[in-house]
1. Using 0.36 nm times the number of residues separating Ser68 and Arg187, minus their current alpha carbon distance, what extension gain do you get?
2. Given contacts defined as C-alpha pairs under 8 Å and at least six residues apart, what's the relative contact order of the stretch 144-239, whole-number percent?
3. Do you know the relative contact order of the chain, to the nearest whole percent, from alpha carbon pairs under 8 angstrom that are 6+ apart?
4. Lys4 to Arg151: FRET efficiency via 1/(1 + (r/R0)^6), r the Cβ-Cβ distance, R0 25 Å, to the nearest 0.05?
5. Where nothing but the Cβ of Lys and Arg (+1) and of Asp and Glu (-1) is charged, how large is the charge dipole of the stretch 19-150 around its Cα centre, in debye to the nearest 20?
6. Can you give the charge dipole size of the chain about its Cα centre, rounded to the nearest 20 debye, using +1 on the beta carbon of Lys and Arg and -1 on the beta carbon of Asp and Glu?
7. For every helix of n ≥ 4 consecutive DSSP H residues, a contribution of -39,500 (n - 2.57) applies; sum these over the chain, divide by its total residues, and give [θ] at 222 nm rounded to the nearest 500 deg cm²/dmol.
8. Quick one: net charge of Phe209's neighbours, Cβ under 11 Å, K/R +1, D/E -1?
Amino acid sequence: MNNKIVDKLHPVTLVGGGAVGEGDLQAALALAPTCVAADSGADTALAAGVELTAVIGDMDSISAAAQSRLPVDIQHKIPEQMSTDFDKALRNISAPLVIAVGFSGLRIDHQLAALHTLLMRPDVPCLMLGAEDIIFVCPRRFDLPMAAGTRVSLFPMGPVMGRSTGLEWPIDGLSFAPDGMSGTSNRATGDLHLEMDQPAMLCILPRRFMAAVAESLAAQPASARWPARAGLHRDPLQS
C-alpha cells in the first residue's frame with residue numbers, strides 16, 4: 001500500500017527555502033509540473049505564483065502569511081527533529097523523479113545536509129539544481145549523449161567502485177571514498193556510460209544537461225534503481 005503524501009506518475013518539483021535563481025523554478029516545472037514545497041519553500045513558490053500540491057516539513061520556517069494563504073489540507077506537519085525538511089518531503093513523495101530547487105547556495109550546512117539526504121534516499125531518483133550544475137546519485141547504470149570535453153565530476157559519499165566508457169580518465173578498478181580518491185573534473189570523450197556498485201557516487205554535470213538527465217533518470221528501469229536503505233523510518237501521515 002502506498003501511503004505517500006504525494007503520489008504521481010510524472011516527475012515532481014520540490015522547492016526548498018535555499019537560493020532559487022531567476023528561472024530556476026520555471027525550468028524545473030517545465031519538466032516536473034507538480035510542485036511540492038519543503039517548509040519555507042512554500043513562500044518561494046507563492047511569491048512566484050506557483051500552485052502547490054503539498055507543503056511538507058516541521059513548519060518552523062514557513063511564514064504565517066504563507067500558511068494563511070494555503071489550504072489546511074495540503075499542509076503536512078512532521079514535527080520530528082531528527083531529519084531535515086528536505087528528507088521529510090523526499091521520503092513522502094512517490095514519483096519517477098523529483099527535481100529539487102532551492103536546496104543549494106546560501107548556507108553551506110544546509111547544502112551539505114541536502115547532499116546527505118540524496119544519499120540517504122537513493123530509492124527516490126532526485127536531481128538537485130544548482131546555479132551552474134546539476135547533482136544526482138548515480139544509478140546502477142547511467143547513459144547520456146555527451147560532447148567530448150564536457151566536464152564530468154564524480155564525488156563519492158561512501159566507498160564505491162564503478163566502470164565507465166566515454167571518460168578521459170576511466171574509473172574501472174578504482175576504489176573511491178570521501179577520505180580517499182574522488183573523480184572531480186574528469187572530462188567526457190563522447191557519449192557517457194557509468195556503472196556503480198553502491199548508491200554512493202554523486203554525479204555533477206553542467207546545468208545545460210538538466211533536461212536530458214531528468215529524462216534519463218525518470219525512465220530508469222526498476223533494475224537500475226537503488227533500493228531503500230534499511231532501517232530508515234517512515235512517517236505516519238500527519239496534517
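The values are calculated or read from the model by the stated rules, or taken from the named source; none is laboratory data. Bear in mind the structure is a predicted one, so any value in this text is a computation, not a measurement. Neighbour counts run over all protein chains shown; Cβ positions are idealised from the backbone, glycine included. Each accessible area value is taken on the protein alone, full model and side chains, heavy atoms only, with ligands, DNA and RNA left out. Shrake-Rupley method; radii C 1.70, N 1.55, O 1.52, S 1.80 Å.
1. On the way: separation 119, 0.36 × 119 = 42.84 nm, distance 4.91 nm.
Result: 37.9 nm gained on full extension.
2. Numbers: 159 pairs, mean separation 31.9, N = 96.
Contact order relative to length: 33 percent.
3. 20 percent
4. 0.10
5. Computed charge dipole of the stretch 19-150: roughly 300 debye.
6. Computed about the Cα centre, the dipole is about 340 debye.
7. -5500 deg cm²/dmol
8. Working: positive: Arg151, Arg207, Arg208; negative: Asp133, Glu215.
Neighbourhood net charge equals +1.
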